Amino acid sequence: MNTERFGNRVAIVTGGAKGIGAATTRLLARGGAAVVIGDIDLEAGAMLVEELRTEGNPASFVATDVSQAVDARRLIECTEEQFGAVDILINNAGIALAKSTTETSEEEWDRIIRVNLTGAWLCAKFAIPAMKRRGGGAIVNVASNAGLVGFPNLAAYCASKGGLVLLTKAMALDCARDKIRVNAVCPGHTRTPMGDGFVAAQPNPEAFIAEFINGQHPIGRMAEANEIAEVIGFLASGAASFVTGAVLAADGGYTTR
């Protein structure tokens, strides 16, 4: 374990209590960062903080609904108050909805866009000034291969993740002169509680796994959360010091077709 990879860094992971977020939280903390989890799942967040503290890693939890500006602002302020800085922001919080264009209600559309896209913008909006005070930083937005190509029955989700891809590029241009790098990761289907729930919602989950996940991902399987976390960690680290505005597909080759 390289405990110096993120040494003396303070990182925030939204949606950091479970799935890809939890794997990323562990990677950053075990790499030497002080980590703050922003999530709506109080129980899972508290358990992960306890796990990391037991290992000797500084960690904290802030109850956060990223779709609300007051929560996003409080997340950044609490991080600065507790650890004195913000160096890394991982915008991972997200929700999915398996419905077509006409089946999606206005309320559902608004909720998906508000969490997946507006939430990332709000957290970045409040984190960027803190990073400027630090002299730079790194933002990684967790988008999706559904932000690169269309999928049936995922209209709102595709729109939110496609918007996040272009938001990443625009923010990278806005922040480059301030030494703040902004990049995105686009995972393919990943073994997480949200991903497993999406599979379970299919009419024939076993066929969906065989035909869609295993069949259409050239690698022949879904990703594990820690595999995506490694990509996020790379973009957040000094190893990617000349990388900004990049959109990296970690999708087992899905979007190469």
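The values are calculated or read from the model by the stated rules, or taken from the named source; none is laboratory data. Worth saying up front: this structure is predicted, and the values here are computed from it rather than measured. Because the Cβ atoms are built from the backbone with ideal geometry, glycine has one as well, and the counts that use them run over all protein chains shown. For the accessible areas, the whole protein counts, side chains as well, though only heavy atoms, and no ligand, DNA or RNA atoms are used. Shrake-Rupley method; radii C 1.70, N 1.55, O 1.52, S 1.80 Å.
Points worth noting:
- In the chain, helices alone account for a calculated mean residue ellipticity at 222 nm of -13000 deg cm²/dmol, with every DSSP H run of four or more residues adding -39,500 (n - 2.57).
- These residues, VAL142, VAL70, go from largest to smallest accessible area, 1.4 Å probe, as VAL70, VAL142.
- Computed from backbone phi, the HN-Hα couplings of the range 95-110 come to 9, 10, 8, 8, 9, 6, 4, 7, 7, 7, 7, 4, 5, 5, 4, 4 Hz, rounded to whole numbers (Karplus: 6.51 cos²θ - 1.76 cosθ + 1.60, θ = phi - 60°; Gly and Pro given as x).
- Diffusion of the range 138-243 by Stokes-Einstein, at 20 °C in a medium of 1.002 mPa s and with Rh set to the Kirkwood radius over alpha-carbon pairs, works out to 142 µm²/s.
- Accessible area ranking (1.4 Å probe, heavy atoms, ligands and nucleic acids excluded), largest first, for LYS99, LYS161, LYS125: LYS125, LYS99, LYS161.
- Inter-label distance for ALA170 and GLU81, nm, one decimal - labels placed 7 Å from Cα along Cα-to-Cβ: 3.1 nm
- Considering only alpha-carbon pairs that sit under 8 angstrom and 6 or more positions apart, the relative contact order computed for the range 49-147 is 36 percent.
- Length gained when the stretch LEU42-GLU211 is fully extended (0.36 nm per residue, less Cα-Cα span): 57.2 nm
- Phi-based couplings in Hz for the range 27-41 (Karplus 6.51, -1.76, 1.60; Gly and Pro marked x): 4, 5, 5, 6, x, x, 7, 7, 10, 10, 8, x, 7, 8, 8
- Summary of the geometry: the range 1-78 and the range 148-182, compared by the centres of their Cα atoms, lie 22 Å apart.
- ASP174 contributes about 120 Å² of solvent-accessible surface, heavy atoms of the protein only, 1.4 Å probe.
- Measuring nothing but how far apart in sequence close Cα pairs (under 8 Å, 6+ apart) lie, relative to its length, the chain scores a relative contact order of 19 percent.
- Heavy-atom accessible area, probed at 1.4 angstrom with all protein chains present, ranks MET171, MET47 as MET47, MET171, highest first.
- Cut-off 13 Å between beta-carbons: net charge of the residues surrounding GLU81, Lys and Arg +1, Asp and Glu -1: 0
- When a 1.4 Å probe is rolled over the protein heavy atoms, the share of accessible surface on the chain that falls to carbon and sulfur comes to 53 percent.
- Over the C-alpha atoms of the chain, the Rg to Rh ratio, Rh being the Kirkwood estimate, stands at 0.95.
- Computed about its Cα centre, the charge dipole of the range 165-240 is approximately 380 debye, with only Lys, Arg, Asp and Glu carrying charge at their Cβ.
- Per residue, in Å², the accessible surface of the chain once ligands and nucleic acids are set aside, probe 1.4 Å: 45 Å²
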